[in-house]
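J.: Below you will find the structure I want to go over with you.
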Amino acid sequence: MGDEGAALAAVLLAGDLGYGVDQIVPAGVEGRLQPDGSISSTDGTPATPDYGPSGILDDDVTGDASEAVGFRSPPGRMPLTAFMDQFNQLVGGSAGA
């Protein structure tokens, strides 16, 4: 992934897309987790998430951020960088974007 921030972003985005921990961990270890959070199967086809997407993260890390509406982001969404900053403050880490 390049660095800790990119890896953390990929894991968070994968969860936001509906992939379960049982899908994310092996995909990360095997190199099938993509920076945008998508996961490919062992045969290279896109893996089907275990759950429905939550859609709460607005990806402003990998370049796929949705357009802000008016003076604020779409309701119910949080920029991925803001979530990562709050997460790092909570755990005392330094895996920022």
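J.: What are the pairs with Cβ atoms under 7 angstrom where one residue, in region 40-63, is in contact (Cβ under 8 Å) with a residue 12 or more places away in the chain and the other, located anywhere, is open to solvent by less than 50 Å² (accessible area, probe 1.4 Å) and of a type in the set (D, E)? Sequence gap at least six, or different chains.
T.: P53/D16; S54/D16; G55/D16; I56/D16; L57/D16
J.: Just checking, which of Q23, Q34 is touching a helix residue (DSSP H, G or I) at 6+ places or on another chain (Cβ under 8 Å) and modelled with pLDDT of 95 or more?
T.: Q23
J.: Please specify each residue of region 39-88 satisfying the condition of being more than 19 Å from G15 (Cβ to Cβ), open to solvent by 70 Å² or more (accessible area, probe 1.4 Å), out of contact with any helix residue (DSSP H, G or I) (no Cβ under 9 Å at 6 or more places or on another chain) and at pLDDT 90 or above.
T.: Within region 39-88, just D43 meets the criteria.
J.: Only one of (1) assigned to a helix (DSSP H, G or I); (2) modelled with pLDDT of 90 or more; (3) out of contact with any helix residue (DSSP H, G or I) (no Cβ under 7 Å at 6 or more places or on another chain) fails for A14. Which number is that?
T.: A14 satisfies all of (1) assigned to a helix (DSSP H, G or I); (2) modelled with pLDDT of 90 or more; (3) out of contact with any helix residue (DSSP H, G or I) (no Cβ under 7 Å at 6 or more places or on another chain) except (3).
The values are calculated or read from the model by the stated rules, or taken from the named source; none is laboratory data. All of these numbers come straight from a predicted model, not from anything done at the bench. Glycine gets a Cβ as well: all are built from the backbone with ideal geometry, and neighbour counts include every protein chain shown. The area values use the complete protein model at the heavy-atom level, side chains included, leaving out ligands, DNA and RNA. Shrake-Rupley method; radii C 1.70, N 1.55, O 1.52, S 1.80 Å.
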